[in-house]
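A.B. asks: This structure is in structure tokens; I'll ask about it shortly.
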Ligand code: SF4
Ligand code: MSK
């Protein structure tokens, strides 16, 4: 009998122009394929997502499952009788899965915040010379929010308290926020009063950060909480603990330790890497070690050493949110976003990639193996199994020594480059590093340090509204395309965009973070404001934890007047066009339950449980003022946001102003055509 031969199909390769919107990524995907190295773009061609998983209705919370409850073709007629072995309904399963995503996302942001708090405590105790309290005004401001006294009474006089003492108490109070025995998260009182009262009435004030995460894990264990509304209530409490707790503390403590960002100029895209320089890429989220790496890489000692080894200098670049952190405080250029991490190594010119936590693909190790690149993990909770990965564990007490070792390793590795060096020649200019304080300065003016001018421009209609467009890239869609199309549609229609995370990097790569972009892409009202004030139409507000800056900027708008009393009154909307991480779900949920209408691209893992999906995309609005939505098409996505903004303008009674002041029909048609 003839032997049958098994035919092994060659893996499919991605079409570079279909896989990515930007030229540099297209060139590097093609280069990877030429070299026979697979990237996430190729892997996405060969592994399709699970059709049941994406609907959110697969439960594996006990070993009697996984139980899968696919929606019947044509939907459900009559009663939904689907249930798992234990009887869990589709709503329960989807809500449990959603809650666990919130818990994981909140844990990631909040644990990041805790690590920063620990370094802060060491600095305040003066246990390390490598970190100092840098931003005293911010320390004083934060002390106020944490109930730490900044003055003392002596002999009938009010005196300023010693800043070392304040820093120490701030550190101790902040650390306590993760696990205190009673009370509530202190920053909740920073929200507009109406929002705080709404949370209180609905019983969702987080008690401490860790407890809310733990409670989700308990409630979603087999046989505990089996009411989707109650599960979402705890998801809300946990997400608020993230946005108004862990993330906000991370942002504040980083600002005090490393400096509050102020707008600065830099560059973006893989073309920032230099063939004749030692290239070091920092990647991940926690900036504590990278801060020291920046200082070391810019030291004369290391520059001299690099020259001795034949390089013209040292080029630092960033990927993901560590990039945003280094950019907003030091102007370190951005090499790329989440989906470009493998591509940075494939240039053949990356002498070291230093990774900390979150959004780091394990395949980096396989790609690094094909080149001379040192892949260095630095965080005790984030190692890789591959043997070529070097682990240099961060310890704040020896941060300078660790950073010197890493930079020196990269310099020593410069001479080991192979012949396959290809750096795509694309880079753009960007203005980054806006924050609550600098928006106040730019849009509030020197004499009037409030958000008055921003509000005034919304009321008079030059600015139609504000959008927070944030989040990841996703290999299931064409890299960057949805981000850019959504943002261009928004700014074309006079919506000012605030951005963080990989969306900020994408915006930079596509030239949207310059004041000049306003004249090219904006409607006349927004263009006029940007030109007058000298700001880009898309404002870079930092990393993923810095979404807390967007919450606080919105709170400032309420305080400045004319925008209602609660965040849900503002003509504003949120968006994550290409989300992929669990952190995005936590962010989305704290935006929604802070009153923001939030649209996600791609899909939401809720579609398999229509009743539950309706609850979060309709009914939540009646409780918190914000709701979820999902729309993959970028133009429709943007218009859902614009329509919501217009609805809010109408509710505020400022819809007429826009029509009258700004646009006649001809200019409107020209704009929307
Ligand atoms: Fe199935 Fe219930 Fe176990 Fe989930 S908890 S896997 S639905 S039996
Ligand atoms: S890095 S969470 S891919 S934004 Fe914050 Fe980018 Fe998303 Fe990671």
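No lab work stands behind these numbers, since they all come straight from the coordinates. Note that this is a predicted model, so its numbers are computed, not measured. Virtual Cβ from ideal backbone geometry, glycine too; neighbours counted across all protein chains shown.
A.B. asks: Report P(r) for the chain: all Cα-Cα distances, bin width 20 Å, range 0 to the bin holding the largest distance, values in whole percent.
C.D. replies: Binned Cα distances yield the sequence 18, 52, 27, 2, 0, 0.
A.B. asks: Which FRET efficiency value, to the nearest 0.05, is calculated for residue 393 and residue 230 with the Förster distance at 35 angstrom and r the Cβ-Cβ distance?
C.D. replies: 0.30
A.B. asks: As a check on your grasp of the helix formula, calculate [θ] at 222 nm for the chain: sum -39500 (n - 2.57) over DSSP H runs of n ≥ 4, divide by the residue count, round to the nearest 500.
C.D. replies: When only DSSP H runs of four or more count, the value is -14000 deg cm²/dmol.
A.B. asks: Between residue 442 and residue 34, what is the label-to-label distance in nm when each label sits 7 Å out along the Cα-to-Cβ direction?
C.D. replies: 3.9
A.B. asks: In addition: Simple spin-label model, 7 Å along Cα-to-Cβ: residue 369 to residue 127 in nm?
C.D. replies: Between residue 369 and residue 127, the label points sit 3.8 nm apart.
A.B. asks: Would you mind calculating the gained length between residue 18 and residue 362 on full extension (0.36 nm times residue separation, minus the Cα-Cα distance), in nm to one decimal?
C.D. replies: Residue separation times 0.36 nm, minus the Cα-Cα distance, leaves 121.4 nm.
A.B. asks: Nearest 5 percent is fine: what portion of the DSSP beta bridges confined to the chain is antiparallel?
C.D. replies: Counting only bridges with both partners in the chain, antiparallel ones make up about 25 percent.
A.B. asks: Quick one: check the C-alpha center-to-center distance for segment 341-375 versus segment 516-580, whole angstrom.
C.D. replies: What the calculation gives is 34 Å, centre to centre.
A.B. asks: Using packing as a proxy for protection, rank 19-30, 73-84, 499-510 so that the peptide with the highest average count of other Cβ atoms within 10 Å comes first.
C.D. replies: 499-510, 19-30, 73-84
A.B. asks: Then there is this: If you bin the C-alpha pair distances of segment 430-652 every 10 Å from 0, what whole percents do you get?
C.D. replies: Each 10 Å bin holds this share of Cα pairs: 9, 38, 39, 13, 2, 0.
A.B. asks: Run a plain Debye calculation on segment 366-474 (Cα atoms as equal point scatterers, no solvent) and give log10 I(q)/I(0) at q = 0.19 Å⁻¹, rounded to two decimals, same order as the q list.
C.D. replies: Results for segment 366-474 at q = 0.19 Å⁻¹ read -1.09.
A.B. asks: Quick check: the distance between the Cα centres of segment 158-214 and segment 261-292, to the nearest angstrom?
C.D. replies: Measuring centre to centre over Cα atoms gives 33 Å.
A.B. asks: Hey, how much of the P(r) for segment 270-416 falls beyond 21 Å, as a percent of Cα pairs?
C.D. replies: Percent of Cα pairs beyond 21 Å in segment 270-416: 33.
A.B. asks: Among bridges DSSP assigns within segment 264-409, what percent are antiparallel (round to 5)?
C.D. replies: 5
A.B. asks: Another question, then. Multiply the residue separation of residue 400 and residue 201 by 0.36 nm, subtract the distance between their alpha-carbon atoms, and state the gained length in nm to one decimal.
C.D. replies: Between residue 400 and residue 201, full extension yields an extra 66.8 nm.
A.B. asks: Here's a follow-up. For residue 63 and residue 141 in the same chain, what is the full-extension length gain: residue separation times 0.36 nm, less their Cα-Cα distance, in nm?
C.D. replies: Contour length minus the Cα-Cα distance gives 23.0 nm.
A.B. asks: First measure r as the distance between the Cβ atoms of residue 264 and residue 300, then evaluate 1/(1 + (r/R0)^6) with R0 = 30 Å and state the FRET efficiency to the nearest 0.05.
C.D. replies: 0.85
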